[in-house]
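Read-outs throughout are calculated quantities, based only on the coordinates presented, and are distinct from any laboratory measurement. The model shown is predicted, which means the values in this text are computed figures rather than measured ones. Cβ coordinates were reconstructed from backbone atoms using ideal geometry, including for glycine residues, and neighbour counts include every protein chain displayed.
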Amino acid sequence: MSATPQLLAISDLHVGHEENRPIVEGLRPNHPGDWLIVGGDVAETAADIEWALTLLASRFDQVVWVPGNHELWTTPRDTLKLRGVERYEHLVQMCRRLGVLTPEDPFAVWSGEGGPVRIAPLFTLYDYTFRIPGVNSKEESLAAAYEAGIVCTDEHMLHPDPYPSIDAWCHARIAATERRLAECDPAVPLVMVNHWPLVRQPTLVLRYPVFAQWCGTVLTADWHVRFNTAVSVYGHLHIPRPTVYDGVPFEEVSLGYPREWKPRGLPEPLLRPVLRRVRVAP
């Protein structure tokens, strides 16, 4: 047990994979006051998402959730057939019933170890602007991906309704989120939580560079310096590691698929204390 409460984080639980479910069942706080950030991609079906978040909310003092792309999929095997914004809003209401904080709720202040910090759960999506060299438009970027045979399942399962495209939904989310961040008291540092990385650099190590177009947007590239940020927490890439950009710590906190974590072992620690590193001056 920890002597003091900590702010912990994990993402990409993917409990639709049977081998990941017992791992999630084994997640427990180190202190009764621990808070847990869940950085998206809990599962693809509403039932699996609710199962996991119900379990975690029963154990941790507070759970904070942001959606990933998998939660937003509308799949044939899911009894919930809502699409796009309606699906997201349904999941937000589910979280509120469970006492789980979402990007639609007031930003809570963590006052435990490493605090006070304001936890800002974000939902930004992506807009195909993380492109490979020589590609200058969304259309060219998608064409390159299809030619290479590296295409995100989002193209078939993630629907932007009522927006005309995912990038249009992304731009609406960016505008609304920027307004909220600008309203925060700059004296209290932010813990920015987003499923997709806020900067392009983490995607440069992807095995398939063309996949980066589904991993974020250049519109968030300066958020970690424009707004007083203690740490940026993200997932999506399934490459758990700490990095630093412009003096700001970034924490990728994914569990990932069994085929990924089995060869390298589970991340250590599995629940990452996100305020363990002090921000250094740029």
HN-Hα J in Hz across the range 156-169 - Karplus 6.51, -1.76, 1.60, θ = phi - 60°, x for Gly and Pro:
10, 10, 9, 9, x, 2, x, 6, x, 7, 5, 5, 5, 4
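So how do 241-251, 34-44 stack up, highest first, on mean other-Cβ count within 10 Å? Please list the in-between numbers first.
Details: 241-251: 17.5, 34-44: 26.0.
Packing proxy ranking, top to bottom: 34-44, 241-251.
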Give me the percent of DSSP beta bridges within the range 143-252 that run antiparallel, rounded to the nearest 5.
40
Amide H to amide H under 5 Å from Val233: which residues, 5+ apart in sequence or cross-chain, H placed 1.01 Å off N in plane?
Met192, Val193, Asn194, Glu251
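List Leu56, Leu82, Leu13, Leu198 from most exposed to least, where exposure is judged by having the fewest other Cβ atoms within 10 Å.
Working: Leu56 22, Leu82 16, Leu13 29, Leu198 25.
Listed from fewest to most nearby Cβ atoms, that is Leu82, Leu56, Leu198, Leu13.
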At 7 Å along the Cα-to-beta-carbon direction for both Glu268 and Ala143, put a label point, then send me their distance in nm to one decimal.
4.8
Applying the gyration tensor rule to the Cα atoms of the chain (axes a ≥ b ≥ c; rounded if a/c under 1.5, else prolate if a/b exceeds b/c, else oblate), the class is rounded
Under the 0.36 nm per residue contour assumption, what length would be gained going from the current alpha-carbon distance of Val205 and His156 to full extension?
15.1 nm
When the chain is fully extended, how far beyond the present Cα-Cα distance does Leu98 get from Ser165, taking 0.36 nm per residue of separation?
21.0 nm
Quick check: from the Cα gyration tensor, does the range 157-231 come out rounded (a/c under 1.5), prolate or oblate?
oblate
